[in-house]
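*Asks:* Here it is, the structure in full.
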Amino acid sequence: MVTDGVRVVIAEDSVLLREGLTRLLTDLGHEVVAGVGDGKALVRTVAGLAEVGGLPDVVVADVRMPPTHTDEGVRAAVRLRKEHPGLGVLVLSQYVEERYATDLLADGSTRGIGYLLKDRVADVREFVEAVVRVASGGTALDPEVVAQLLGRSRKQDVLAGLTPREREVLTLMAEGRTNAAIARRLVVSDGAVEKHVSSIFQKLGLPPGDGNHRRVLAVLKYLNS
């Protein structure tokens, strides 16, 4: 778990937004080690940092970047997840683009992963918490992204063994919420949430182990099945 400032690389072709994110993160004690404006530069920059033993904790990347403004950013993010174990990736998008979210989740990696709508950046606390959570190996999936991914009929086999309350808890886990936050949202006790989470792990066939690791596995199994 990352407890101090995290090291971040930002990939965003809008100079104004890139500088704004840099200022936001540095003001709160985090280190932006590089800022780039396209996917190729992102891949080169991370590779260069890794060569000198300076791999960042997390990359924050726009889905759409030059030259075509289609999927350069997310393709770079998928490549980085394959090439750099331990690197967290948080992508930002103007809209929910299900195919891109699916591409990011397709490798089943338990490294930190996030997909947020750009509107969430306006909530400073929520955005920075998401960056730190992904850097720590957790998930930060926008509620709208989760809703679309879970709306597919192919998810029903995984959900079949879960109670309605367990489905609610797992959906909130996918958004990156802690047990305490889930308890507040559902107006139940922390102990009740812990029991639901334990039951979810058991029903999804996840053996005992590191708590954060199991949470990510549960979310990915839920979304990728």
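The values are calculated or read from the model by the stated rules, or taken from the named source; none is laboratory data. Computed from a prediction, not measured in an experiment: that's the story for all the values here. Virtual Cβ from ideal backbone geometry, glycine too; neighbours counted across all protein chains shown.
*Asks:* Checking the conditions here, which among GLY5, GLY35 is of a type in the set (Gly, Ala, Ser), more than 24 Å from GLN94 (Cβ to Cβ) and out of contact with any Pro (no Cβ under 8 Å at 6 or more places or on another chain)?
*Replies:* GLY5
*Asks:* Regarding GLY54, is this residue more than 24 Å from MET173 (Cα to Cα), in a helix (DSSP H, G or I) and either modelled with pLDDT of 85 or more or of a type in the set (Ser, Thr, Tyr) (or both)?
*Replies:* no
*Asks:* Within region 165-179, is even one residue at pLDDT below 70, outside any helix (DSSP H, G or I) and under 30 Å from ASP57 (Cα atoms)?
*Replies:* No, there is no match, as no residue in region 165-179 is at pLDDT below 70, outside any helix (DSSP H, G or I) and under 30 Å from ASP57 (Cα atoms).
*Asks:* Give the residue, chosen from ASP27, ASP13, that is modelled with pLDDT of 90 or more and in contact with a Pro (Cβ under 6 Å, 6 or more places away or on another chain).
*Replies:* ASP13
*Asks:* For ARG184, state whether it is modelled with pLDDT of 90 or more and over 13 Å from the mean Cα position of the chain (by Cα).
*Replies:* Criteria met by ARG184.
This table checks each residue for (1) free of Cβ contacts under 8 Å to residues at least 40 places away in the same chain; (2) surrounded by fewer than 17 Cβ atoms within 10 Å (Cβ to Cβ).
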| site | (1), (2) |
| --- | --- |
| VAL8 | no, no |
| LEU24 | no, yes |
| VAL46 | no, no |
| GLY86 | yes, yes |
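*Asks:* I'd like the full set of residues that are of a type in the set (Asp, Glu) and farther than 22 Å from PHE127 by Cα, limited to region 161-204.
*Replies:* GLU166, GLU168, ASP190, GLU194 - these are the residues of region 161-204 that are of a type in the set (Asp, Glu) and farther than 22 Å from PHE127 by Cα.
*Asks:* Another question, then. Residue check: is GLY73 assigned to a helix (DSSP H, G or I) and in contact with an Asp or Glu (Cβ under 6 Å, 6 or more places away or on another chain)?
*Replies:* Yes, satisfied.
*Asks:* A follow-up question, please. Tell me which of these ARG18 doesn't satisfy, since it passes every other one: (1) loosely packed, with under 13 Cβ neighbours inside 10 Å; (2) farther than 15 Å from LEU116 by Cβ; (3) not polar (S, T, N, Q).
*Replies:* (1)
*Asks:* Counting only residues that are surrounded by fewer than 16 Cβ atoms within 10 Å (Cβ to Cβ), in a loop (DSSP other than H, G, I, E, B) and either touching a helix residue (DSSP H, G or I) at 6+ places or on another chain (Cβ under 7 Å) or β-branched (Val, Ile, Thr) (or both), how many does region 26-44 have?
*Replies:* The qualifying residues number 1.
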